[in-house]
Every structure is written in C-alpha cells, then in structure tokens.
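The values are calculated or read from the model by the stated rules, or taken from the named source; none is laboratory data. Please read all numbers here as calculations on a predicted model, not as lab measurements. Counting neighbours? That spans all protein chains shown, and the Cβs are built from the backbone with ideal geometry, glycine included.
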Amino acid sequence: MAEPAYTVVSDSETTGEDKPLSAFPEIAIGIDIGTSQCSVAVWNGSQVELLKNTRNQKRMRSYVTFKDEIPSGGVTDRLANEQEIFSGSAIFNMKRLIGRVDTDPVVHACKTLPFLVQPLDIGVRPLIASLVNNVWRATTPEEVLAVFLVELRAMAEIQLKRTIRNVVLTVPVSFSRFQLTRIERACAMAGLHVLRLMPEPTAVALLYAQQQQQTVHENMGSGSEKIALIFNMGAGYCDVAITATAGGVSQIKALSGSAIGGEDILQNLMHHLLPNLDSLFSNHGMNEIKSMGLLRIATQDAIHKLSAQTSVSIDFDLGNGSKICRTLDRTEFEELNRKVFEKCEGLILQCLHDAKVDVEDVNDVVLVGGCSNIPKVRNLVMGMCKREDSYLEMNPLEAAVCGAALEGAVASGISDPLGSLDLLTIQATPLSLGIRADGNSFVPIIPRNATMPARKDLCFTTAHDNQREALIVVYEGEGKKVEENHLLGYFKITGIPPALKGTPEISVCMDIDASNVLRVLAGVTFPGTQHPVTPFMEVRMPTVDDGHGWCAEALLKMYGSILDISTLQKKLQL
Amino acid sequence: MSCGLIPGSDSRFYLYTNPILPTRRSMTHLPKTSFLIENQVGSFRTKTAINDGFGFVTETPFRLLKTSFLNENRGGSFRTNAAINDGFVTAIPEMSFYELLGISQGGTSSEIKQAYKQLARKYHPDVSPPDRTEENTRRFILIQEAYETLSDPRTRALYDRDLSKGLHLAFSARKQCQFEEGPEERGKWKTHWESQLTELGRRSMDKDSRRNMSWGARMRRQRNQSSAE
C-alpha cells in the first residue's frame, strides 16, 4: 500500500472533551461539503471571502480520483472531462454514503453510481471501491472525504499563508449523530479540528441574521423580530429551517430534513430513460461503467436545460450499440419526480408546524442550494409560503459556506469593530432523542427542535418483579418503534433494590451542551427520595461505532426482555 | 440565600449595554441584581427594565456552586454536571418565570421575546467566558424554559393560574411533545387554544392541554397539586 494521503491525529483531539476554548487565536474556516460541490470561506477581517482553487473556481466538484498510487480530489485535479470522472476511478457522493449501513435505501440508490457500491444487506457499512488499473480497490467514505479535505486544507493554507486547524462544517439536518462522528473522523484524518458542525440551513440563517442586522443599522429601521423560512435543497439533501432573527440573534425555531435531492431527481430520470438500468449495470463491467457515466452526463444536462426551457431533446449513444433518442418536457419531468416534490412539501409543512409559525408570519423565504433553480421546486416553496418573491440578498450556492465562515469567526472569539460579528445562533436539535421502553417503543426524552443546550429527564421503572438490572438503550429519530431509529448506544444500570415491577424509580436524564455533545445520565433512586441507590451512570453518546443494527439484535438475543424498562405511570409522592 | 427582588420595580441600576455582543473575552460579569438595559438598535431605542434574575449568583458565585452541590442530592453521582435541573431550581426557589425573564406579569409577547434574546446574548454558552460556561448553561436552560412557557399562550395561561395559587415552583412546562400532534392539526391549533383559554378558568385541568405537555411535566404538576391539597 502506498502512503496514505492523510494523517491520523489522535481521537482525543476531536472528542472535544476538554475544549481549550481560549487557545484558538486563529480564525476557523468554514467548509461546505456538498454532495456535488464544495466550497471554503473565511472571515478576512471585514467580510466573508470565498477561497478559489488554482483554476480560479470558488466551487469545486466533490470527488476523489484513485488513478495511480496517490489519490487526487476535485480541488486540484486537472480532470475537466466529466467522462473521465464517471469512468469508475472517481468516487463521489461521499455525503450520501458516509455513516450509512448497507440496508439503507440511500445506499441502495447509490448502486447505479459509476463506481462500485456493494451492499450486502446485513446492516454493516457497504463496500465502496474505485477502479484502479482494472481492479476494484476498496476504500471508505471517510477516507475519500479525508483525501478531499486534505486538498481543501492545503489550498486554504497556501492562500491564507498560515496553518489551518479549526473548521466549521455544514452538515445536512437529517444526519444522525453517528454520521456526525464519521464527519468528525474524516476531519481528524485530514488533520482538522471541528469547532462546530452546523446544519446547513442554520448556517444560512446566520448569514441572514447578519444581513438583517446590517440592514437595521443602515436603514435605521426597527430592530423587530423577523421570521425567515430557509429552504435548502442540494444534490443529496433537502433541509428546511425556520429562524426568528432580532439583533443578530438567530433563534432556530424548527428544522426538518431528508436525504432527498438532485441525485434522486437524476436517478428517477435515468431510470425513466433506461428502464432496465439496474439489471444492465449490475455486473459493473468496464463497458457498463462507461455507459452509466454517459447516461449520467446526458441526464444531468437534460435536467439543467429543463430549468430554463420547457422541453429538451435527449439524444445520445450509450456506447454499447443502443441509443436513447427522445424529447422530454417539463410536465413529464415533474410528474416523474412527483414523490420528490411531495417530500419537499412535507418537510416545509412539518417545519412550519414544529415552529408554530403561520406562513402569513414569515417575513422572508430564503431559497438556497442547487435544486432551488428547478422551477417546480421554486414554485412549490413560494406557493406554500403564499408569496411571489424569494429573498434575493444572498447567492444560493454560497450562502451556507458564508454562514459557516461567520460561525467560524464568532466561535474563534473574533469581534468586529463594526459589529458585523455580533452574532449568536441558538440551535435546535433536529432529531428526537430517547430510549427504548414499554417493549419496543421509542420514548423521546429530548423532543426534536428542542433548543440547545438542553437537559431533560424522565422517570422509568422496571418491567418485571424483583428486576435488579435494566438496559438503557439510546436512540435518535422520529419512529415510534426503536428499530425505525438510529441506535446511539446502550448501557446497563445495576443495583435496583428488589421490588414489585413498576415501583423502582429509574431516572434517565439527557444533556446536550452548546457544542452538541450528548450525555445520558441514568440511575436508580429510592422511591420517594432523590437519593441514588448506587452511583449514577454518565455515558457520552454515540458509543456505537459500526454495524448499528446488529448491536440491538445482539442485545435482544442475549437478554430478551428481562432487562426491559417501562415509563413510570405513577410517580410516588415526595 | 435570598433573592426576593421584584423585577422592574425598586433597586434598579442603570447599565448601558452597547449593541456589541459580549464575546468570550470582552464579557465581564455584572455585579448587580436589576438593570435598566438600554437597548439601542439603530435609531430605535427601547427601554426595558431587565432583571437578569441571577444577580445574586454573580455576587456569590462560589457559594452558589457549593450550595447547589449540597442541595442536590444526586450531586455526588452527577459530579461535574452538578444536576442542572434540580440543583439549580432548589437554589433559586423564589424565581418565577416572569422574574427570570425580568418582565412584569402583564408583559406582552414582544417583551418576552425581547427579554429572551437579551438574556440569550448574555447567558448562551457560546458567548460565555470559558470559566462560566457551565453556570451560564444552567441559566440559559432556565431562561429557555421560562421563555417557552410564557411565549405560548396556552402554557402561559396554565402557568399564570398556578402562579396565582402560589404553585408556580411546581410548574415545569417542558418543551411540548410534538409526537402526538400531526401537521394536519396545526391549522386548528390557534382557534383551539383560544377556546381553551376561556375554558381553563373554569376547568381545573383541561385534558387536551395536558396532552401537549410532556409526561414528566404532567406528573410534576399532579404531584405538586396533590401535595398542596
């Protein structure tokens, strides 16, 4: 094996256990790792500046090519030819693959990508591989991302003439805590320290808050609260946020998100153009890869054209003797992707509902991300928000990275004499956090969209008479049953005094600090008192590292229901 | 330890906070209990009497920390986290949510929002000096709870009712459980609470409103009601 292109720094550096908050004199840079494109921005002392690569690009394709022994990414790579990117040697869509198991539908949708994604459907990480000298060489999404981040880092270091260590990254709203640890892992491999992982629309919200504050200063307007709905749809993910902004404080009222984006639209259209796509490409031969790449290029092109014109003619050779020649109009395209658009509507509705905001109260609608160019997307968002015009003060493709750079400056303790950095984001948890109880039910302790930092507790009790031990299995998600959620970790509490079921009090407390670190505290207290029977347990989550589904199954196999707990129906009087 | 100060009335100290957000380095702790904060935004000036609700904490930070450890029975096991909930609540028993936010009981919703954002800029851990992060996190969580309760007309009505009975200490309207409510119910929500609001005066405990509180909050209410009887 050749020398890896990344350096592994010790894990302790990324755990954030002891954050030396004042020890960061440097300004953290903001990175927006998109499914399809990446950008880097930094606060230059007076404003946010996007960095450019040697080819003068502000947005770089997110991919890594494994051609020879040394991989190279889209930051420096001279590959301009899409055909070469889609020839099997390049890996992209890391953001759709990272931290997902091979039973995930999102992973399965990646099977038609022009490199190897091999899910075995057993609940472990899928094998991904690139074609190097006619051999499928396996890698991992973390490694690919790390290689890419190393390039981004080198580019920033050359331009800023200093070492870069601290970064603020934007992440999709729907990322699980496990996925966040994978992003942190990739950063650690690239020698980067994550100051903050910001859900993408909250980064946009921060930029919006800054712009509003400046408008207030300039126009001498009132500093009253403004509510913005932020809709961010890129290639891999769709996110919605509702923020209430006043005086530079951006309060995230609600977040919603899903792994749905331009990639799904592309897949739908590819399957429409070539109905037997899956079977055709299942053996991943050289010729099939080539055809897959060609189909992808032609489909992408058609989608882009359909944003400006109402119909497009598709005419290309798959390279295997078959040709695709037809016209596609916008109505057909929209009908094909009806489910995608419905999902977007659902996310907006859910976000409005969770934020308890009426569309009439929304002051601005901010549309960002690559898919905001699609007329149907724009129309559906504007239609749901009952207005004609969206907020035009920001570049839809640069808003997220600018917000991340602002957060990077604020989190580095930089202040601006003009007050441009007098900003604060009050974040919310995108997903509910809870434990398994009452059989197989997921009982949330911190509901989704709770303001961070947060600390909440609930009382549970034993499910059996004389039960001496109990399993605390922690999940994240919105499903009613535990198996519909992400497993974060588990631990056992012991020393429960023998008693009839339903009488011991098991207190479970969840704590999220402002850096989004989750701790679960649990223990047994004597009924009617606050005295712990044995020392409480404090566990930082997530503790699972791989094969999440398996751990829950193993626990079930080992213990059945004997260590189950139930929600406490009657709390004894103090 | 006493902190029986009535916000917005006596013992106020004039303090000018410029619009610069206190950063970790520039933030200095404020020694008095009640401030008149002059909020300058552009040419628009508002004067709001803000009692930060924690003045006594800044006066005796170490004593409080110690007391909260002692009062907190679980403290030993919660160790460094020192039980944000109970430890802190027992340390400031007289604080109502209005006092926490430093507004009067008749405060409008915009006053609540404004007070909340002012206090967030002061106590949010992101803008706290490193040595006060933990303490300010606890404060922020309490401020957040006060804000969430008072900014929702439903929970505010419930809280006011408890407050008039002297039961406000028991009240803990946690962030509402959103799992039972589907988005389709959302439209009905506004008309719903209006009718509920009037009903609540008569009914001792309205079933619908209870459903929207967390289970823990309901239990705490129930417990405290029965112990008060």
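Here are the numbers for the structure shown:
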| item | result |
| --- | --- |
| Residue selected from segment A:153-185 under the condition within 20 Å of residue A:540 (Cα to Cα) and among the aliphatic types (A, V, I, L, M), by the criterion surrounded by the most Cβ atoms within 10 Å (Cβ to Cβ) | A:183 |
| Subset of segment A:457-498 (residues that are of a type in the set (A, V, I, L, M, F, W, C) and not in a strand (DSSP E or B)) | A:463, A:482, A:496 |
| Matching entry among A:105, A:119, A:71, A:126 (being under 25 Å from residue A:181 (Cβ atoms) and free of Cβ contacts under 8 Å to residues at least 12 places away in the same chain) | A:105 |
| Segments classed as helices (runs of 4 or more DSSP H), wholly inside segment B:85-164, with at least 1 members that are within 9 Å of chain A (Cβ to nearest Cβ) and modelled with pLDDT under 90 | B:109-123, B:133-151 |
| Single match in A:455, A:378, A:387, A:436 (criterion: within 11 Å of chain B (Cβ to nearest Cβ) and of a type in the set (Lys, Arg)) | A:455 |
| Residue selected from segment A:499-539 under the condition under 20 Å from the mean Cα position of the chain (by Cα) and not in a loop (DSSP other than H, G, I, E, B), by the criterion farthest from the other protein chains (Cβ to nearest Cβ) | A:518 |
| Filter pass, residue B:201 being within 11 Å of chain A (Cβ to nearest Cβ), at pLDDT below 90, out of contact with any Phe, Trp or Tyr (no Cβ under 8 Å at 6 or more places or on another chain) and in a helix (DSSP H, G or I) | no |
